[in-house]
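The values are calculated or read from the model by the stated rules, or taken from the named source; none is laboratory data. Predicted, not measured: the structure shown is a model, and the values here were computed from it. Glycine gets a Cβ as well: all are built from the backbone with ideal geometry, and neighbour counts include every protein chain shown.
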Amino acid sequence: MQVKTAIFTLCCAIIFSLLMLDGALAEKRVALVIGNSAYKNAPKLTNPANDATAMSLLLQRAGFDVVESRQNLGIVEMRRSIRDFGDKLQGADIAVVYFAGHGLEVDGTNYLVPVDATLERDVDVEDEAISLDRIVRILEPAKRLRLVILDACRDNPFVRSMKRTLGTRSIGDRGLAKVEPATTDTLIAFAAKAGSTASDGAGANSPFTTALVNNIATPGLDLRIAFGKVRDEVMKATGNKQEPFVYGSLGGTTVALVPGSDVSGTVTASPSANATTEIRRAYELVMQIGTKQAWQQFLSTYSVGLYADLARQQLAKLEAEEAKTDAARKMEEPGKAKPPTTPSQSAPAAVPKSAEAPRAAKRVVCNKWGCQDVKPGCWVEKRPSGSDMEDFVICK
């Protein structure tokens, strides 16, 4: 009897575990990733576009149901992307927003800066930038985890040109301001703690994003531990000059971005059917981004196979278009030689006098008052006549 009871208890435990695992695997996870590099009125940034591509591929490999990846957005496109992402949050358990680019703080409020922002006055941030508060509000429908990741803790590029409309209004010049999320189960991760700046690093990705890619999608790893590993890795890479910081809190249960199953890395062997689907989804995501850096990031992750070959073709196409554009731009620069014209484009060559049609010549009498019988379209030339030079009228 005791044996039967033990077996029954064990079976119940196994079934319960499977149900719990199935529930974890069935979680709906959605993400919005934005990378702004090509700023028009502020210093351009090299890494954000690369960082956004790396994060998009990471979340896609992690099995997220929705990964919306956007780059170099103006204020209208940025607002629309955030609004549309809010529609896809319905029924989501985990929601993530990642932003890389310029960020700034005005009067204690943090803002994410679109590429077309001008920000001549401090009040313009409300019209030309997106507040962090709005991002957090958009994530409220998520049931289990709301996560905002900002690789935007740089010097404020507008601080010297931005006019204050009120003398009491503060404009931050370094990094972002400290935040305290008002909603539960919400984390806001800064690349550097409030009031300090983050490094772009010397590589293709910033130290912060590099550490994120290395740690936060580890299967089954609680996010609080994952961000602790990110902090340690960034501080080591920057010589303790940059300390990432996470604001907010979670409950007492383990909250992992990825359930406790393997997330594949670089693919070097023949993929299975599931892996092929994964690669295809990543390929479609990079097609959506469509930049040279995105294809390079894809090939660094998926090095062989049909989709890798297709990616190389797409990359070669972009490089050829880039070379063609550069060549055309150089030819338009002042002082640059123009390409030789074809014979059909060149001006007609002058006809030598010897090849011209013969002209009629008639001797004419000239004196100090002029010459006789010189009609319109005719002119007078001196020509030899015997041993003398005489005047002749020439007509076409």
query: So is residue 333 over 18 Å from residue 60 (Cβ atoms), of a type in the set (Asp, Glu), modelled with pLDDT under 75 and out of contact with any helix residue (DSSP H, G or I) (no Cβ under 9 Å at 6 or more places or on another chain) or not?
result: yes
Over region 159-194, the set of residues surrounded by fewer than 15 Cβ atoms within 10 Å (Cβ to Cβ) and outside any loop (DSSP other than H, G, I, E, B) is 163
Expected single match for in contact with a strand residue (DSSP E or B) (Cβ under 6 Å, 6 or more places away or on another chain), at pLDDT below 80 and part of a helix (DSSP H, G or I) among 308, 282 is 308
Over region 44-53, the set of residues buried (at least 19 other Cβ atoms within 10 Å of the Cβ) and not in a helix (DSSP H, G or I) is 45
Only one of (1) within 25 Å of the chain's Cα centre (by Cα); (2) surrounded by 16 or more Cβ atoms within 10 Å (Cβ to Cβ); (3) farther than 27 Å from residue 198 by Cβ; (4) modelled with pLDDT of 75 or more does not apply to residue 287, and that is (2)
For region 173-202, pairs from a residue that is touching a residue at least 24 places away in the same chain (Cβ under 8 Å) and at positive phi to a residue that is part of a loop (DSSP other than H, G, I, E, B) and buried (at least 21 other Cβ atoms within 10 Å of the Cβ), with Cβ under 6 Å and 6 or more apart or across chains, are 175/153; 175/192
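How many residues are closer than 21 Å to residue 48 by Cα and either of a type in the set (Val, Ile, Thr) or in a loop (DSSP other than H, G, I, E, B) (or both) when one looks only at region 137-158?
Counting residues in region 137-158 that are closer than 21 Å to residue 48 by Cα and either of a type in the set (Val, Ile, Thr) or in a loop (DSSP other than H, G, I, E, B) (or both) gives 8.
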Here the residues within region 108-136 that are farther than 20 Å from residue 179 by Cβ, without any contact (Cβ under 8 Å) to a residue 60 or more places away in the chain and either assigned to a strand (DSSP E or B) or acidic (Asp, Glu) (or both) are 120, 121, 124, 127, 128
Query raised in the report: Residue check: is residue 154 buried (at least 20 other Cβ atoms within 10 Å of the Cβ), within 21 Å of residue 62 (Cα to Cα) and touching a Ser or Thr at 6+ places or on another chain (Cβ under 8 Å)?
Result: no
Counting only strands (runs of 3 or more DSSP E) entirely within region 65-106, those with at least 2 residues that are of a type in the set (A, V, I, L, M, F, W, C) and more than 11 Å from residue 32 (Cβ to Cβ) are 94-100, 103-106
Checking 56, 81 in turn, the sole residue that is modelled with pLDDT of 95 or more and either of a type in the set (Ser, Thr, Tyr) or surrounded by 24 or more Cβ atoms within 10 Å (Cβ to Cβ) (or both) turns out to be 81
Only one of 174, 134, 164 is modelled with pLDDT under 95 and touching a helix residue (DSSP H, G or I) at 6+ places or on another chain (Cβ under 9 Å), namely 164
